[in-house]
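The values are calculated or read from the model by the stated rules, or taken from the named source; none is laboratory data. Because the structure is predicted, anything quoted here is derived from the model rather than measured. Here Cβ is always computed from backbone atoms with ideal geometry, including for glycine, and neighbour counts include all displayed protein chains.
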Amino acid sequence: MNAVGYLMDAELEGGVLSFEGRGRTGRFALDWQMSDRLGSSVPEGEDTTAGEAVAAFRAALAAKGNPVVPVGDIDEVQFTDANPVKNGNITVHAYGHKAKCVFRRKTRDQARALYDELQREIAAARSGA
């Protein structure tokens, strides 16, 4: 399942959420959002470098690859619906970083479906099912 965003796309497949920046601007936006500049949002003393998933995530960023996040490692997901005045977005928080996939009204059904599926998979991962 995927959602076409304004500058980046999000895809959920096999329990893994991935982002792909579209064009130079989208790639820059994705790199900027996911960079260590957001490290200040991580609570002091919390180790965000432990684990293979975090290492793979940071390696993908360093190699300019598409960041992938296993659903079980997502801390929080927020959905803001699009309206006639502003675009909507899905914001994913993981590993002390966040990615915001902005979408237009014409793709809000895709974005809502992705968000709902993501919520179901997160709940299943947390319950151990």
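Taking (1) at pLDDT below 75; (2) surrounded by 12 or more Cβ atoms within 10 Å (Cβ to Cβ) in turn, G96 satisfies each apart from (1).
Say whether the condition of being assigned to a strand (DSSP E or B), under 20 Å from G15 (Cα atoms) and not hydrophobic (A, V, I, L, M, F, W, C) is met by at least one residue in the range 101-124. Among the residues of the range 101-124, not one is assigned to a strand (DSSP E or B), under 20 Å from G15 (Cα atoms) and not hydrophobic (A, V, I, L, M, F, W, C), which makes the answer no. A single entry from V54, V42, V69 fulfils the requirement of being at pLDDT 80 or above and of a type in the set (A, V, I, L, M): V69.
Answer with yes or no whether V16 is of a type in the set (A, V, I, L, M), surrounded by fewer than 17 Cβ atoms within 10 Å (Cβ to Cβ), at pLDDT 80 or above and on the phi < 0 side of the Ramachandran plot. Even if it seems obvious, please write down each step before you answer.
Details: of a type in the set (A, V, I, L, M): yes; surrounded by fewer than 17 Cβ atoms within 10 Å (Cβ to Cβ): yes; at pLDDT 80 or above: yes; on the phi < 0 side of the Ramachandran plot: yes.
When the stated conditions are applied, V16 passes them.
Only one residue in T80, T91 is over 17 Å from I122 (Cα atoms) and modelled with pLDDT of 85 or more, so which one is that? First the steps, then the outcome.
On the way: T91 fails: over 17 Å from I122 (Cα atoms).
Answer to the check: T80.
Per-residue answers, yes or no, for (1) touching a residue at least 60 places away in the same chain (Cβ under 8 Å); (2) farther than 21 Å from R22 by Cβ; (3) within 13 Å of the chain's Cα centre (by Cα):
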{"site": "F79", "(1), (2), (3)": "no, no, yes"}
{"site": "I90", "(1), (2), (3)": "yes, no, yes"}
{"site": "Y95", "(1), (2), (3)": "no, yes, yes"}
{"site": "K98", "(1), (2), (3)": "yes, no, yes"}
{"site": "R105", "(1), (2), (3)": "no, no, no"}
{"site": "A111", "(1), (2), (3)": "yes, no, yes"}
{"site": "D116", "(1), (2), (3)": "no, yes, no"}
{"site": "S127", "(1), (2), (3)": "no, yes, no"}
